[in-house]
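Engineer: Let me give you the structure first, and then I'll get to my questions.
Where a number appears in this text, it was derived from the coordinates with a stated rule and is not lab data. Just so you know, these numbers come straight off a predicted model, no measurement behind them. Note: ideal-geometry Cβ built from the backbone for every residue, glycine included; neighbour counts use all protein chains shown.
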């Protein structure tokens, strides 16, 4: 049987859902923050133009910063925030901070409420959220220094000190928060990836075990059953019946392999499959009462092969017995019964290592959501009931 291996696929963003959510949030929020502050700041900046503000410098500066805010939001939402976009934002903000004396009216500069103060705070917070600390922290320090220089130049040393301190706190808090979140999210994604890997490995192992069990069932019900009959002395010397049985086993294995490589679409007639099972055991006297019934191909295979395993047990362990094969649909369920008038047995005494009842019948039915019941006792024959719940 060929080995079953896990598919080799390149990593995808689905492997890091927490990191993907982090990137989405910390791309969308900076974009919206920059856009909002840029537009509101433009209105506020143009509304107060008292001396020494230079309208000839203010208007182009505000127009450039507004255009930048629109471009920043567009690029961030479409492609994320890379280092070039962050660097451009920091440099533009630093330039505006240095130009405070000609861009901000003296009466609105104190109190850390001017439009440039808000711009500087927005920039340092966005930088920490969108870039690694080795780049974002120096960027925050650059904006802080530029604001301090601009406020001092405007004759507001208290404002320079106060808002510079605020910018440093904002830089530190935002950088620390982002670093903690990145670390926690990295651990969460690592645990998720490990869980996904274990799940895939378990699925591959389960698939391999199921394929092996399926192969073992087929061999048990055909070749091994025939060899067991020979070993028990049921066939003495050269036998045309033995040759025919071996040929039938080979045909069965080939047919099963072909059916699994090209599974049938839609329902198949169960009664036809059961008649084919009956034909595979010409040496066993079997009466049939088969209702016309169509079921999905895997279900038909499970019911038919389970019935064949039950009939093979009769031929193997109860020579001279007669059997009956019946099928019907009862209250939506599909029922197949195999009964014989042989010597019977006590199911409780069957060794745990015996494969027939455990895998060839019960195990096979379980794979399609069905079940098997074995009713037997010494001296009273055996009746095996196979049931699939069906779909109304």
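Engineer: Which value in nm describes the separation of the simple spin-label points at residue 271 and residue 68, placed 7 Å from the Cα toward the beta carbon?
Structural biologist: The answer from the label model is 8.4 nm.
Engineer: Another question about this same structure. Let me check against my output: what whole-number percent is the relative contact order of region 56-126, with C-alpha pairs under 8 Å and at least 6 apart?
Structural biologist: It comes to 33 percent, rounded to a whole number.
Engineer: Could you please rank 34, 329, 377, placing first whichever residue has the fewest other Cβ atoms within 10 Å of its Cβ?
Structural biologist: 377, 329, 34
Engineer: Over the alpha-carbon set of region 149-206, work out the extent along each principal axis and list the three values in angstrom, largest first.
Structural biologist: Taking the Cα atoms of region 149-206, the three principal extents are 76, 13, 7 Å.
Engineer: In whole angstrom, note down how far apart the Cα centers of region 45-112 and region 297-342 are.
Structural biologist: Their Cα centres are 84 Å away from one another.
Engineer: Determine the shape class of region 288-330: with a ≥ b ≥ c the square roots of the Cα gyration tensor eigenvalues, call it rounded for a/c under 1.5, and otherwise prolate if a/b is greater than b/c, oblate otherwise.
Structural biologist: It is oblate, given that a/c is not under 1.5 and a/b is not larger than b/c.
Engineer: Continuing with this model, one more query. Over region 15-194, what is the relative contact order in percent, taking alpha-carbon pairs closer than 8 angstrom and at least six residues apart?
Structural biologist: That works out to 28 percent.
Engineer: Report the normalised scattering of region 15-194 as log10 I(q)/I(0) at q = 0.09, 0.11 Å⁻¹, calculated by the Debye formula with identical scatterers on the alpha carbons.
Structural biologist: For region 15-194, the Cα-only Debye profile gives -0.33, -0.47.
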